[in-house]
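The values are calculated or read from the model by the stated rules, or taken from the named source; none is laboratory data. Please read all numbers here as calculations on a predicted model, not as lab measurements. Cβ atoms come from the backbone with ideal geometry, glycine included; neighbour counts cover every protein chain shown. Heavy atoms of the whole protein, side chains included, go into the accessibility calculation; ligands, DNA and RNA do not. Shrake-Rupley method; radii C 1.70, N 1.55, O 1.52, S 1.80 Å.
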Amino acid sequence: MKKKTLLAGIALLGAMALSATGCASSTDAGGDGGDSGGGELITVGFAQTGSESGWRSANTESMKAAFSEENGFKLTFNAADNDPAAQIAAVRDFINQGVDAIVIAPIVTDGWDDVLQEAKDADIPVVLEDRTVSASDDLYASWVGLDFRNEGVMAGEWAAENFADPTKLVVLEGTTGSAPANDRAEGFDEAIADTSIEKIDSQTGDFTRDGGKKVMEGFLQKYGVDGIDLVYAHNDDMALGAIEAIEAAGATPGEDIKIISIDAVKDGMLALIDNKINFIVECNPLLGELAAGIVKDVLDGKTVDKTYFVTDESFTPEQAAEVIDSRLY
Ligand code: AHR
């Protein structure tokens, strides 16, 4: 499998992507709402996961801006509210509508074989963005996204370097069965193996701020503030929820309990600069232009790679303060 890294220009493309607003929670046709006049536009159905996080909002805006009528697309957008069955049903609807191409951000990795085969049988190319699937890569044209496993490794390596003494770790996991939750856990665990960091608990907060807050409240009740040294949150929103829970318990996040998270969205970066989060690994959501380019290439019969990886950075509070003004999400 070829691995190609795409980084140059993504920030610039993202500026355009973020000029749109709004995040629908159900199907809506056409980002701009206007009648396209049909004809020349490429019809695309986009099956988004939902609207669980700040990252997801930025990703949705990026996709809607890139798949605009101005750029030659007629987009039908569906957000499945994190329900895998609803997302598969949305893809089936797109197949029945006979769209030119389908783009999916798969909520979970498993369960895609049948519907991807149906799309293939209907000669509708599928491009995956953001998350991966366990189905054979013969069933889709291409995937563009981030190396979630490496994000976990980067987070874990920072923890390993900064926690030499015995450390009690709790983990706020992303959506169960999703590629980022699986891979970020695996990469982190590998990086902290053979250190004195002990994972005492790990539960899903479903990538939401509320979920992170509730799970952290449970951890604090069970282990107490003094029984937890470090939180690893699979995304910024859950880390922000954990901050609320730690403050409500009378402790200082980032000091009494250290926090590592992933995404580097605006609210997460501001909490990092405030020293409430101690380290963030980026997960770039601005994938719209890249996905749109791949869809056009596939429909033009050009050869595309199976995977396109976008590179991530990482930030300490000092590094976050230096870049915050130029961040696009
Ligand atoms: O798939 C990417 C993950 O999904 C982001 O890290 C998280 O914030 C989002 O919900």
Assuming R0 = 45 Å, what is the FRET efficiency of D138 and N275, from their Cβ-Cβ distance, to the nearest 0.05?
-> 0.40
How much accessible surface area, in Å² rounded to 10, belongs to the heavy atoms of T307 with a 1.4 Å probe?
-> 10 Å²
Taking Lys and Arg as +1 and Asp and Glu as -1, residues besides E247 with C-beta under 13 Å from its C-beta add up to -3
Just in the stretch 64-166: which GluC sites (Glu not before Pro) are loop by DSSP and have at most 13 other Cβ atoms within 10 Å?
-> E70
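What share of the DSSP beta bridges in the chain is antiparallel, in percent to the nearest 5?
Working: 4 of 48 bridges.
Counting only bridges with both partners in the chain, antiparallel ones make up about 10 percent.
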Two-site label geometry, K296 and E322: point separation in nm, points 7 Å out along Cα→Cβ | 3.5 nm
Once both axes come from the Cα atoms, what is the angle between helix 236-248 and the longest principal axis of the chain, in degrees from 0 to 90, rounded to 10?
-> 30 degrees
Averaged per residue, what accessible surface does the stretch 148-282 expose to a 1.4 Å probe, in Å²?
-> 38 Å²
Going by alpha carbons, how many degrees (0 to 90, nearest 10) lie between the helix axis of 54-66 and the longest principal axis of the chain?
-> 20 degrees
Equivalent ellipsoid semi-axes, the stretch 148-282, via Cα gyration tensor eigenvalues times 5, rooted, Å | 19, 17, 14
At 1.4 Å probe size, with no ligands or nucleic acids counted, give the accessible surface of T303 in Å², nearest ten.
-> 140 Å²
Using a probe of 1.4 angstrom, how much of the accessible area of the stretch 148-282 is carbon and sulfur, in percent?
-> 43 percent
Hey, what does the equivalent ellipsoid look like for the chain, semi-axes from the Cα gyration tensor as sqrt of 5 times each eigenvalue, largest first, whole Å?
-> 36, 19, 18
So what's the back-of-envelope 222 nm ellipticity for the chain, counting only DSSP H runs of four-plus at -39500 (n - 2.57) apiece and dividing by all residues, rounded to 500?
-> -12000 deg cm²/dmol
Potential lengthening between K199 and R92 on full extension [0.36 nm per residue; Cα-Cα distance subtracted] = 34.4 nm
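Using only the heavy atoms of the protein chains and a 1.4 Å probe, how would K74, K222 rank by accessible area, largest first?
Details: K74 50, K222 135 Å².
In descending accessible area the options line up as K222, K74.
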With all protein chains in place and a 1.4 Å probe, R131 shows an accessible area in Å² (nearest 10) of 10 Å²
